[in-house]
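**Student:** Below you will find the structure I want to go over with you.
The values are calculated or read from the model by the stated rules, or taken from the named source; none is laboratory data. Since the structure is predicted, the reported quantities are computational estimates derived from the model, not experimental observations. Reconstructed Cβ throughout: ideal geometry from the backbone, glycine too, with neighbour counts over all protein chains shown. Note: accessible area is taken over every heavy atom of the protein model, side chains too, but ligands, DNA and RNA are not part of it. Shrake-Rupley method; radii C 1.70, N 1.55, O 1.52, S 1.80 Å.
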Amino acid sequence: DYSPAERAASEEVRAMVEARCLMALRRPRNLMQCRGKLMEACARTAFAESAMYRKPVGKGTVEGASIRFAEEAYRALGNLWATVTVQLETPEKRVLRFDLMDLENNTTDSSIITVSKTVERQTVRDGQTIISKRVNSYGKVVFLIEANDDELQVKQQAMVAKARRDAILRAMPSDIKEDAIAMVRKTLAMRDKADPKGALKKLLDAFQFEI
């Protein structure tokens, strides 16, 4: 049985969802307008520079649409609703459920996020509890320690942002996503052509940790 407070909270959420769905049906998205908004953003150099992520994996790199790209797509598409709820809390971890609802289609993309209450650090301050240690890929010793409230919040926000990005990218029509990414690459190519020395400097800055 639910308590009165739990029933009231459930009713409030239900009413909010119904109101949002009703508004979405009254103002459905126009995909061509959504595409136009996103393409316009991707044509801006400042946005294009943060629209893709690149990270080293093994001997190569992996590239994909960034969190910033997904945030812009979320605004352009409209009628999407993202929520995060705590499913479980223990001394060792926090388990969250992330939901992205398409209010027009009444479909939901859900994922479970497990946030361990630990962080890795190369140095340990007085009072911090060392759980374990290991040698990382750069040959340096790192320590696994208990996370404080600020560190846990930062870690949680990063994991939720990635789950949100992935869900938004799945919600996007594939052709609009591909067109937008192509526009980002075109914008960056035009920037590099106009300022080749600046492009080289940014490339070296991005990979200076490997030198």
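**Student:** Given a Förster distance of 41 Å, report the FRET efficiency between residue 25 and residue 49 from their Cβ-Cβ distance, rounded to the nearest 0.05. Walk me through the intermediate numbers first.
**Tutor:** Details: r = 37 Å, r/R0 = 0.91.
Plugging the Cβ-Cβ distance into 1/(1 + (r/R0)^6) gives 0.65.
**Student:** Mind checking the log10 I(q)/I(0) for segment 100-171 at q = 0.17, 0.19 Å⁻¹? Debye, one equal scatterer per Cα, no solvent, two decimals.
**Tutor:** Treating every Cα as an identical point scatterer, log10 I(q)/I(0) equals -0.75, -0.83.
**Student:** Is there a pair in 117/162; 37/177; 59/177; 55/162 whose C-alpha atoms are over 22 Å apart, and which pairs would that be? Mind dumping the intermediate values first?
**Tutor:** Working: 117/162 18 Å; 37/177 12 Å; 59/177 27 Å; 55/162 14 Å.
Beyond 22 Å: 59/177.
**Student:** What whole-number value in Å² describes the accessible area per residue of the chain for a 1.4 Å probe? Intermediate values should be presented prior to the final figure.
**Tutor:** On the way: 14150 Å² over 211 residues.
For the chain, the per-residue accessible area is 67 Å².
**Student:** Just tell me which aspartates and glutamates come within less than 12 Å, Cα to Cα, of residue 93; anything on the same chain fewer than 8 places away is out.
**Tutor:** Cα-Cα hits under 12 Å: 146.
**Student:** So, R0 is 41 Å and r is the distance between the beta-carbons of residue 134 and residue 194; what FRET efficiency does that work out to, to 0.05? Can you show the working numbers first?
**Tutor:** On the way: r = 45 Å, r/R0 = 1.10.
It comes out at approximately 0.35.
**Student:** Assuming 0.36 nm per residue, please report the length gained on full extension of the stretch residue 75 to residue 162 beyond their Cα-Cα distance.
**Tutor:** Values: separation 87, 0.36 × 87 = 31.32 nm, distance 1.66 nm.
Gain on extension, residue 75 to residue 162, equals 29.7 nm.
**Student:** Taking every alpha carbon pair in the chain, what does the distance histogram look like in 10 angstrom bins from 0, in percent?
**Tutor:** Reading upward from the zero bin: 7, 23, 28, 24, 15, 4, 0.
**Student:** Per DSSP helix of 4 or more residues, -39500 (n - 2.57); summed, then divided by the residues of the chain. What does that give at 222 nm, rounded to the nearest 500?
**Tutor:** Values: 7 runs with 105 residues, N = 211.
The helix contribution divided over the chain gives -16500 deg cm²/dmol.
**Student:** Can you quote the Å³ per residue value for the convex hull of the Cα atoms in segment 130-191, rounded to an integer? Display every interim value, and only then the final one.
**Tutor:** Working: hull volume 10.1 nm³, N = 62.
With only Cα atoms used, segment 130-191 gives 163 Å³ per residue.
**Student:** Determine, from the Cβ-Cβ distance of residue 59 and residue 3 and an R0 of 41 Å, the FRET efficiency 1/(1 + (r/R0)^6), rounded to the nearest 0.05. Spell out each step's value before the answer.
**Tutor:** Values: r = 56 Å, r/R0 = 1.37.
Efficiency for this residue pair is about 0.15.
**Student:** Still on this model: Can you tell me which of 46-53, 67-74, 144-151 comes out highest on packing, and rank the rest after it, using the mean Cβ neighbours within 10 Å? Don't jump to the answer; show the numbers that get you there.
**Tutor:** Values: 46-53: 16.5, 67-74: 20.4, 144-151: 14.1.
Per-residue Cβ counts within 10 Å, averaged per peptide and sorted highest first, yield 67-74, 46-53, 144-151.
**Student:** Hey, another quick one. Starting from the Cα gyration tensor of segment 1-84, take the square roots of the eigenvalues, sort them a ≥ b ≥ c, and report rounded, prolate or oblate (rounded when a/c is under 1.5, otherwise prolate if a/b is larger than b/c, else oblate).
**Tutor:** It is oblate, given that a/c is not under 1.5 and a/b is not larger than b/c.
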